[in-house]
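Below you'll find the structure, written out as structure tokens, and then a few comments.
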Amino acid sequence: MKSRRRPYAEQRPQDLGGGVWSVPVPIPGNPLGYTLVYAIESPRGPVLVDAGWNHPEAWEALSGGLAAVGLDVSAVSGVVVTHFHPDHAGLAGQVREASGAWIAMHQSDAALVRLMTEYADGKHEAFQADMLRRAGADPGEVRQVAGERPAPPALPDRELRDGDLVDLPGRKLRAVHTPGHTPGHICLHLEDADRLFTGDHVLPDITPHVGIYPYDRDDVDPLGDFLDSLDRVRDLGPLDALPAHEWIFPDVAARAVQIRHHHEEKLERLRALLVQRPEPLTIWEVAAMMTWNRPWDELPPPLRGMAAGEAAAHLRALEARGQVRRVPGVDAVRFHALDS
Ligand SMILES: [Zn+2]
Ligand SMILES: [Zn+2]
């Protein structure tokens, strides 16, 4: 993921007006650069939307950035995270320790955090290696793809469902369930100000990773969910978007339509590729055929793992549309296009 434009304004704390501030919190070693954490004024103390990566440098940027706009991290009354990823939920626990704030997230991501907490003792590595073999990765790659994982985020105190109002006295901040990037991703609609905090769901230039985990699941369709979630955002109208990465932009509905179009084209290109290759292919073989931001042979193994997850999500979406069929095998699952 690379950005075409990095406006300076987003790289320092900003007063966005209407009792909303943004604070960029660095993600060390990640090309995304930073997470935009937002603070919303409330009589009980500010509520944060996301918290940033769990790292001392990030904590300095968050607490210092809040202070720079006149807010005190020890006065924070709550942290609502858009999804469980470490660049969003990572620091929520430390904010809670410093302030006594509650942490809220969607119940589907809360369930994943509980699962990650249970699997934090090494059980996960064996599970992942088995999944990579079934996807057709060779044994050398299996060892290389399974990289280091950050510790699971803090367990939330409150679980949200679609349509719930976040505890923010005097204002209306509503959870809009937008699954796809994660099963429990939410956007947050500040209804009294026509603003939408979009998390990673809708970003101005890049598109979020949408994968499937484990890769060969056939009981969920994250890409199908993601496309439906784009329609949900489109239907909210031309709100101002406050995303978690890149920069703030107007008319979230127009961008949602554009991203949907991008994925429809990508699905159609993949279907056309599969039609030309009638023999059943593994997820790994399909991922190697698709277009990424650099040639497959040059993708470092952990990024190949991400790409395979994305290829798998596209295959699953085509299967759900009746355009692709899976062939279970003893070694690996394979896919082929259906005549249409
Ligand atoms: Zn994310
Ligand atoms: Zn993110």
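The values are calculated or read from the model by the stated rules, or taken from the named source; none is laboratory data. Computed from a predicted model, the values in this text were never measured in an experiment. Glycine gets a Cβ as well: all are built from the backbone with ideal geometry, and neighbour counts include every protein chain shown. Heads up: the accessible areas ignore ligands, DNA and RNA and are worked out on the full protein's heavy atoms, side chains in. Shrake-Rupley method; radii C 1.70, N 1.55, O 1.52, S 1.80 Å.
Couple of notes before you dig in:
- Being in a loop (DSSP other than H, G, I, E, B), touching a residue at least 40 places away in the same chain (Cβ under 8 Å) and crowded, with 16+ Cβ neighbours inside 10 Å holds for only one residue in Ala137, Ala151, Ala110, and it is Ala137.
- The set of residues in segment 212-229 that are modelled with pLDDT of 95 or more, surrounded by fewer than 23 Cβ atoms within 10 Å (Cβ to Cβ) and within 16 Å of ligand 1 (Cβ to nearest atom) contains only Asp225.
- Qualifying positions in segment 230-244 - open to solvent by 60 Å² or more (accessible area, probe 1.4 Å) and either among the aliphatic types (A, V, I, L, M) or assigned to a loop (DSSP other than H, G, I, E, B) (or both): Pro238
- Flag if Trp247 is surrounded by 16 or more Cβ atoms within 10 Å (Cβ to Cβ) and either in contact (Cβ under 8 Å) with a residue 60 or more places away in the chain or under 17 Å from Ala135 (Cα atoms) (or both): yes
- Search result, residues across segment 296-321 that are more than 20 Å from the chain's Cα centre (by Cα) and closer than 16 Å to Arg269 by Cα: Leu318, Glu319, Arg321
- Selection of first residues in segment 180-195 that are touching a residue at least 12 places away in the same chain (Cβ under 8 Å) and of second residues that are β-branched (Val, Ile, Thr) and open to solvent by 30 Å² or more (accessible area, probe 1.4 Å), restricted to Cβ pairs under 9 Å at least 6 apart or on distinct chains, gives the following pairs, ordered by first then second residue: Pro183/Val220.
- For segment 65-86, the set of residues classified as within 16 Å of ligand 1 (Cβ to nearest atom) and over 13 Å from Val49 (Cβ atoms) consists of Phe84, His85, Pro86, listed by residue number.
Yes/no per residue for (1) open to solvent by less than 50 Å² (accessible area, probe 1.4 Å); (2) on the phi < 0 side of the Ramachandran plot; (3) of a type in the set (D, E, K, R); (4) away from ligand 2 (no atom under 16 Å from the Cβ):
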{"residue": "Gln258", "(1), (2), (3), (4)": "no, yes, no, yes"}
{"residue": "Arg277", "(1), (2), (3), (4)": "no, yes, yes, yes"}
{"residue": "Leu281", "(1), (2), (3), (4)": "yes, yes, no, yes"}
{"residue": "Ala288", "(1), (2), (3), (4)": "yes, yes, no, yes"}
{"residue": "Pro295", "(1), (2), (3), (4)": "no, yes, no, yes"}
{"residue": "Arg304", "(1), (2), (3), (4)": "yes, yes, yes, yes"}
{"residue": "Val324", "(1), (2), (3), (4)": "yes, yes, no, yes"}
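- Against the test of being among the small types (Gly, Ala, Ser), crowded, with 18+ Cβ neighbours inside 10 Å and in a loop (DSSP other than H, G, I, E, B), the options Gly170, Gly163, Gly180 yield a single qualifying residue, Gly180.
- Any strands (runs of 3 or more DSSP E) falling wholly within segment 10-100 and containing at least 1 residues that are surrounded by fewer than 19 Cβ atoms within 10 Å (Cβ to Cβ) and small (Gly, Ala, Ser): 14-17
- Once segment 184-201 is narrowed to residues that are within 12 Å of ligand 1 (Cβ to nearest atom) and not in a strand (DSSP E or B), the residue that is surrounded by the most Cβ atoms within 10 Å (Cβ to Cβ) is His201.
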